[in-house]
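The values are calculated or read from the model by the stated rules, or taken from the named source; none is laboratory data. Predicted model only: the values in this text are computed from it and were never measured. All Cβ positions, glycine included, derive from the backbone under ideal geometry; neighbour counts span all protein chains shown. With ligands, DNA and RNA removed, areas are computed over all heavy atoms of the protein, side chains included. Shrake-Rupley method; radii C 1.70, N 1.55, O 1.52, S 1.80 Å.
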Amino acid sequence: MVTAEPPQKAVEVLKTTETKSVEAPEAAPTGETMISVRNMDFNYGTKRALHGINMEIPSRQVTAFIGPSGCGKSTLLRCFNRINDRIAGAHISGGQVVIKGKNIYDADVDTTQLRRQVGMVFQKYNPFPKSIYENVVYGLRINGVKKKSELDEACEYALKAAALWDECKDRLKANAFGLSGGQMQRLCIARAVAVKPDVLLMDEPCSALDPIATLKVEELIVDLKKDYTVVIVTHNMQQARRVAELTAFMYLGELIEFAETDQIFGNPQQKKTEDYVRGQFS
Amino acid sequence: MNEDKPSPSSDFQGLIKPPSFFGLRVDRQSLIKHFFTGSAAVTILTLFLIMYSLLKEGTGFLPTYQFELKVYRQAGLEFCDFIQKPLTENTALLSKLNRAVNADTATLTQKAQARRDALFLAKGRIEEKTARLREAVTEALETAGTPPEKLAQARQALTEANATAVAEEAFPDVYNAEERRQIATDLTAMQPDAAEPPAILKTLSAEFTEQDRIAKEKYAGFLEAVEAFEEATEPIVELHDGIAELAKATKEAAVQQHMAEDAKAQLLAAAESAKTPEAKANFLKEAEATSLEAIDYKGKIEPIVAKLPEYEAMIPPYVAAIKAAMEKVPQKGDTKEATALINEVRKQLPKHLTHAEQSPALMKAWQWDKPIPLIQALTAFLFGGDWITNSSWQDFYGVVPLLTGSLLIAVIALVIALPLSVAAAIYTNQFATPREQELIKPFIEFIQAIPSVVLGFIGISVVGDLIKETSNIPWLQWIPGFPVQERLNMFNAGLLLALMAIPTMFSLAEDAIQNVPRAFSEASEALGATKLQTVFRVIFPASLSGVFAAMLLGLGRIVGETMVVLLVAGNRIAIPDFSDGIGTVFQPAHTLTGIIAQELGEVSKGSSHWQALFMVGILLFSISLFINFVSRKVVKRFQLPKI
């Protein structure tokens, strides 16, 4: 098995184990480890999907996962907010995933609280059949926020963060399905951002979009890293090069190489990585 | 691609249609296609045939009913009904007063009556047990020359048997010890040839008579008032009966004439199509012989209308008499029942008196020759409040009582079934484990397998009693409509119909929830929503259109259901009395479906009644069509956009 070296200088394990507030993005300074995966194995039933993953994902940077289909990059991403729990039989069979000092697979972890801090954007845009406004404030409403001013503020903040404010500030009450595909995906990002999570997971967010919409979302991702730790799964190596500081290459459930993006694409240390980024994979 | 180029001829071969199929000059594909087209066509054709036959039978109703209403007016029956209406009200009020009087007098006579009746029953039972020995004694008496010792022996045997039977009797606890002894002696001594009934029986009867007299005396004022109430109507009844007789005779004549007209038309038609000239001449002669004297409606109506001033003169004394009678009725009865009845009468009385006072004015405005347009036959059907058939006076086909019954039962069923089935669907789809799902779904769908007649049977034998018993529990009396009078009522029917609709609604609602894209729930959970929040904020709202369609299709099933309502709804043809509020649901009713099932088998084909039932069928059909139409619209309108 190939060991994946942490890309940054030695990163200290965070000492605090306490849970954090919603305003958390400011809490972790840039470059410190946000997510730390330690020797993790993951199974779908009896089938092992991930083997001995070790990685340290720094905060407020964009980290990209690349690899051929079925290599487990989406599975790994989905481990970070435990959305994999929805699938019957899916479970972590060894190791830990530590986010801000707490192993999120501990028995006492409240998954709903976890998901409020680790937001997610899916491959296929999936707004709710509600108005644009209601989509954005959904996360706040389920948190029990009722005050109109607070909701309005969060809506404006999130839509601005997702670069959607100018396009739809005049039709917040319109149904979200009236938007274009790219707009809907940005709405989903706004929805995830509205609750101010620490981490934003993106599972191939541009695969259903046309090139222009893709460009817009990519710009947005680069923008978002000012405040959020972004982890993105992508099939598109150019996209990884454009948006990510760090890139992880995965193959058959293993993490082959994890390093700065320039290194992965310019000077890969592993033969498999080299083959893959040069397009010589069979 | 093949290596070497195929020759053009062989390539072309494959493109030619196979020449025949079973020797027919058609290819297999189009034959199968035509088979499917034919199947669809047959289905649609059948639907059209059903609609056609319904409409054909039903539309004939309007002219028929128009004619009947015309006769009703021209013969003066309508005129008589102006008088009949206050009379009917009077009868209803009177029956209430009578019940009130009985309830009051019963308090005094009840005990004596019970004592007397229990003894009578015991005597009957003992006589039955000793019947054979009694016969023996009678026979011995009748046969001349029976030795006295033999007679004495028979008497002795009878007395012994009497004693045993008396010992077996369990007398109710209404007699004191002295009376018990007396009873035992008297009953044991009973002989078939005794000239008088046992002495004790006579005593008890006398006691009852005395009590009855006392009661009558005590409530003399009340009784007198009731009597006065009854007598006040007598002159009016007399007058009404007199003119009703006349009107009815005219009506009969009109009906006869109508039938004769029909017969003549038939004869003429037969003459048209007759084969030989002789036959034709015969038919024509016969048609000629049919007398068609025009009925002199005007002449016949005059003596009826002439009674109007007489009737008008009767009204003020009547009103005065009723008012006087009501003054004698006590303010409140001595029993709860009587008080309730008296209060009811007092409440309804002003309305009744107004009706009576207004009737002459209505009759003055009435005209015997005012025409009845065809549309009035339709409105009388759709908005008429009476469904009266096989009446010796006049048949009315007003569908309102049936329609309200049907709709009310449907609403009750829906109110019960909707929350149950939707909640069950949400649970099964969202919360149940796969094992539970496997268990719940077949069980709920199994309900559909119960034949509706069996459900009706359960409604009569189990649910009816259950409702009645529950309604008598004292601490449940705050529920409107309790205690329930009728075992078979709309609530009972609604309950069973709900049960029948649940499988349909559950399955469709479950499908609707299942069809909500997984992406929605995933997105919601990724935002930190709990399962419940996801279900109620995202999944259920997204499935609403499907749930609504499920509700409407369930409603369609409920409205069209026949057997259960026929058996369980109580079949009282009357518009429910909505003054009971929610308690109205415990009244019996009849329904559109039930009336067809009940009456269609018994009416003669082609009669107005028959046609009216077809009209009811058309109405039902339209309701179902409307429900289906709306549900399709709703599903289309609120369909989730495809993403």
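When we screen B:Leu527, B:Leu555 for residues that are within 14 Å of another protein chain (Cβ to nearest Cβ) and of a type outside the set (D, E, K, R), the only hit is B:Leu527. Would you be able to say whether some residue in the range A:128-136 is closer than 20 Å to A:Ile221 by Cα, buried (at least 21 other Cβ atoms within 10 Å of the Cβ) and not polar (S, T, N, Q)? Yes. Among residues of the range A:141-156 being surrounded by 14 or more Cβ atoms within 10 Å (Cβ to Cβ) and within 14 Å of chain B (Cβ to nearest Cβ), the one that is nearest to A:Arg171 (Cα to Cα) is A:Ala154. Residues that are farther than 30 Å from B:Leu341 by Cβ, buried (at least 16 other Cβ atoms within 10 Å of the Cβ) and β-branched (Val, Ile, Thr): does the range B:249-258 have at least one? Yes: one or more hits. Of the residues B:Gly601, B:Gly581, the single one that is without any contact (Cβ under 8 Å) to a residue 12 or more places away in the chain and either outside any loop (DSSP other than H, G, I, E, B) or farther than 22 Å from B:Ser406 by Cα (or both) is B:Gly601.
Using beta carbons and a limit of 7 Å, which pairs, at least six apart or on different chains, have the first residue in the range B:456-472 and under 12 Å from B:Leu495 (Cβ atoms) and part of a helix (DSSP H, G or I) and the second one at pLDDT 90 or above and not hydrophobic (A, V, I, L, M, F, W, C)? Filtered contacts from the range B:456-472: B:Gly459/B:Asn492; B:Val463/B:Asn492; B:Gly464/B:Asn492; B:Ile467/B:Asn492. Pick from the range B:289-308 the residues that are assigned to a helix (DSSP H, G or I) and loosely packed, with under 11 Cβ neighbours inside 10 Å: which of them is farthest from the chain's Cα centre (by Cα)? Top of the filtered list is B:Ala289. Would you mind finding the one in A:Arg82, A:Arg86 that is under 19 Å from the mean Cα position of the chain (by Cα), open to solvent by 10 Å² or more (accessible area, probe 1.4 Å), at positive phi and within 11 Å of chain B (Cβ to nearest Cβ)? Checking each option against the conditions leaves just A:Arg82.
Just one of the listed residues (B:Phe482, B:Phe536, B:Phe506, B:Phe548) is assigned by TED's automatic domain parsing to the domain that holds B:Lys441, open to solvent by 50 Å² or more (accessible area, probe 1.4 Å) and in contact (Cβ under 8 Å) with a residue 40 or more places away in the chain, namely B:Phe548.
Just one of (1) touching a residue at least 40 places away in the same chain (Cβ under 8 Å); (2) open to solvent by 40 Å² or more (accessible area, probe 1.4 Å); (3) more than 11 Å from chain B (Cβ to nearest Cβ) trips up A:Asp166, so point out which. So A:Asp166 meets the others, but not (1). Considering (1) at pLDDT 85 or above; (2) open to solvent by 70 Å² or more (accessible area, probe 1.4 Å), the lone condition that B:His240 does not fulfil carries the number (2). Scanning the range A:100-119 for residues that are within 14 Å of chain B (Cβ to nearest Cβ) and either in contact (Cβ under 8 Å) with a residue 60 or more places away in the chain or not β-branched (Val, Ile, Thr) (or both) gives A:Asp110, A:Gln113, A:Leu114, A:Arg115, A:Arg116, A:Gln117, A:Val118, A:Gly119.
Every condition in (1) within 27 Å of A:Arg78 (Cα to Cα); (2) within 14 Å of chain B (Cβ to nearest Cβ) holds for A:Ala174 except the one numbered (1). Of the residues making up the range B:380-407, those that are part of a helix (DSSP H, G or I) and open to solvent by 40 Å² or more (accessible area, probe 1.4 Å) are B:Leu382, B:Phe383, B:Leu403, B:Leu407.
Taking each residue of the range B:213-238 that is under 16 Å from B:Asn102 (Cβ atoms) and looking for partners that are of a type in the set (Lys, Arg) with beta-carbon atoms closer than 6 Å, six or more apart or interchain, yields B:Gly221/B:Lys328; B:Ala225/B:Lys328.
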